[in-house]
1. Which of rounded, prolate or oblate describes region 9-108 when judged by the alpha-carbon gyration tensor and an a/c cut-off of 1.5?
2. Going by accessible area, probe 1.4 Å, with all protein chains left in place, what is the ranking of VAL47, VAL9, VAL104, largest first?
3. Given H placed 1.01 Å from N in the peptide plane, which residues other than close sequence neighbours of ALA99 have an amide H under 5 Å from its amide H?
4. With a 1.4 Å probe and all protein chains kept in place, how much accessible area does SER31 have, in Å² rounded to the nearest 10?
5. Loop-only trypsin sites (Lys or Arg not before Pro) in region 25-94, please: DSSP not H, G, I, E or B, and at most 11 other Cβ atoms within 10 Å.
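The values are calculated or read from the model by the stated rules, or taken from the named source; none is laboratory data. The shown structure was predicted, so the numbers you read here are calculated from the model rather than taken from an experiment. Cβ: placed from backbone, ideal geometry, glycine included. Neighbour counts: every protein chain shown. These area figures cover heavy atoms from the full protein model, side chains too; ligands, DNA and RNA do not enter into them. Shrake-Rupley method; radii C 1.70, N 1.55, O 1.52, S 1.80 Å.
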Amino acid sequence: MGLAALQPVSGLVLQEAPGHTPGSSVLRLTSGGEPAVFVGDLLHSPVQLAHPGCSSCFCLDLERAAASCLRILRQAADRRELVLPAHFAGPGAARVERAGAGFVPRWVSSTSGRVVVVGGWGARFLWCGGHPGLIGGC
């Protein structure tokens, strides 16, 4: 098995997601029949769900980062995976659904297990170190 996907143990898959930094990957886990994807540095802001072509100012290759983001989010929507971003404030996990060229999160409440719909995509920029940052492809 090449670097594109590595399965060290049953139910755990490390998948390449190039663009952010060399070796960028996501971790897919299936446990008890429930699929999840830990996206790490693939997503830095919820804005990227609605606009997956946007990349953060931390991405070294904006085009590859945007392509990885779109591919991983499409897979997550199609597989009904729980998406666990590392950099979002607030709710820590969501299922994503396709909405036009982007995705809508259905946040999962950590206390009740309920899905909570959070709307409003007013922000058009990503925050980098507390300052408005670059958005590639927006």
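1. Numbers: a/c = 1.65, a/b = 1.19, b/c = 1.38.
Because a/c hits 1.5 or more and a/b fails to exceed b/c, region 9-108 counts as oblate.
2. Numbers: VAL47 10, VAL9 80, VAL104 35 Å².
My answer, sorted largest first, is VAL9, VAL104, VAL47.
3. VAL104
4. 80
5. Details: sites: ARG28, ARG64, ARG71, ARG74, ARG79, ARG80; in loops: ARG80.
Passing both the DSSP loop test and the Cβ count: ARG80.
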